[in-house]
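S.K.: Right, I'll just put the structure down here and ask away after.
Every number in this text was worked out from the coordinates using simple rules, so none of it is lab data. Please read these numbers as outputs of a predicted model, since none were measured by experiment. So basically every Cβ, Gly included, is an ideal-geometry build from the backbone, and we count neighbours across all protein chains shown.
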Amino acid sequence: MTDDLTKLRIDKSKFQVRRRKKIQGIPLFIIAGIVIVGGILYGTGIIKPAVQVRVSNVSTIFPSQTFTLLNASGYVVAQRKSAVASKITSWLVSLSVEEGSRVKKGDIIACLENNDAEAALKRAKADLNAARYRLRQAEAELTEAKLSYDRTTELLQKGVVSPSEYDIAEAKYKLSIAKVEEGKAAIRASKAAVNEARVNLDYTFLRAPFDAVVLTKNADVGDIVTPVGAAVNARASVVSIADLDSLQAEVDVSESNIGQVRVGQPCEIQLDALPNERFLGKVHMIVPTADRTKASVLVKVAFVDKDDRVMPEMSAKVAFLTRQTTDDERKPIKAVPVTAVRTIGGKNSIYAIKNNRLEEKTVSTGRRYDSMVEIVSGIEGDEKIVTNWNKKMKSGRKVKIAEE
């Protein structure tokens, strides 16, 4: 029984042969598949190593940026402005304007309490009328005195009256002449008093000194208005106004760059409130003094064209140009570096980056401005493009953006 068990064996040769064949066949198949797929992928550029590229954004620029000498920042300032105040102290009883109101020269802006001034004017006019009546009386007396004097003179020559009567008649005549002159002087004085009272009354009406726009309202009805505003709850000025036709951009230019600025030089003005607009300007004045604390010189730039959207105290940036811009250079354009565009067979193209891979796009180009070229069509405005293209680049190839 024991011998029979020791003779039992399992023939493994069949299994070993089959296992060797399987082990030898599968790697060859896998290797062949890998080679074929790898070749396809490599041929299409999918598994090629990432190419290192430098990129740039599609920029929206104004052509003037390419011929700008220097830039400076500052604010829009009205060159003619006024804090409208009163010459007298009184209550503010009416205010006919508010912020933003447009006024013409001579328009009444506010009115102060003026009962006393009106009463003084009426009294002065009454005094003038009284002086006129007194003059008429004096002129009548002069006429009577002259007639009496003439009769006395004739009678004296005939020996009818005594010399003393003649002297009395002559004295009355001269006195009447003096009274007439006094009456005329009184009328002139009364007229002056009327004018003075009228001026004092006019002081209670605050008028616009020039055509302007109201910027701020500094007092309300019921406030005390004084010339200096020293009293408690008093206001020195009622409103602040500015002539918007006198707006200029005042910017600080570094002392080291002031030599590049000249009076009449063309400029472009950009306002933070209107970032997509460029306003034509020219240098109006270089203020002949420097600010030692900022090492800068104040330059005033006038707006060539007026625009109602421009307001005082807006932040402004001024570009000083080498030449005047043309009409078609005042609009923004899409542009890319010249090195990003390649021309083959009369066709312009660029490489854009999408999902970290190259994508070739055909574009139409326009004007060239120094190192930038205008893109008329073919790309959007928010794409990244390759600026160092070479012949090895193909659509679909993976890229690695070089760090600047």
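S.K.: Rounded, prolate or oblate: pick one for region 297-341, where a ≥ b ≥ c are the square roots of the eigenvalues of its C-alpha gyration tensor, a/c under 1.5 means rounded, and failing that, prolate if a/b is larger than b/c, else oblate.
M.R.: prolate
S.K.: Could you order peptides 179-188, 154-163 by the average number of other Cβ atoms within 10 Å of their residues, highest first?
M.R.: Highest to lowest by the protection proxy: 179-188, 154-163.
S.K.: Quick check for you: which residues of region 107-143 have the amide N under 17 Å from the point 7 Å beyond the Cα of TYR203 toward its beta carbon?
M.R.: 110-124
S.K.: Over the C-alpha atoms of region 305-404, what are the Rg and the largest Cα-to-Cα span, Dmax, in Å?
M.R.: 18.1, 56
S.K.: Can you give the charge dipole size of region 115-202 about its Cα centre, rounded to the nearest 20 debye, using +1 on the beta carbon of Lys and Arg and -1 on the beta carbon of Asp and Glu?
M.R.: Taking the Cα centre of region 115-202 as origin, the dipole is about 220 debye.
S.K.: Any aspartates and glutamates with Cα under 19 Å of the LYS81 Cα? List them, leaving off those in the same chain fewer than 8 positions away.
M.R.: Reachable aspartates and glutamates: GLU98, GLU99, ASP107, ASP211, ASP243, ASP245, GLU250, ASP307, ASP308, GLU313.
S.K.: Structure shown: which of LYS87/LYS217; LYS125/LYS174; LYS104/LYS217; LYS347/LYS394; LYS146/LYS179 lie over 25 Å apart, alpha-carbon to alpha-carbon?
M.R.: LYS125/LYS174
S.K.: Restricting to Cα atoms and excluding each atom paired with itself, what does the Kirkwood estimate give for region 86-200 in Å?
M.R.: That comes to 18.4 Å for region 86-200.
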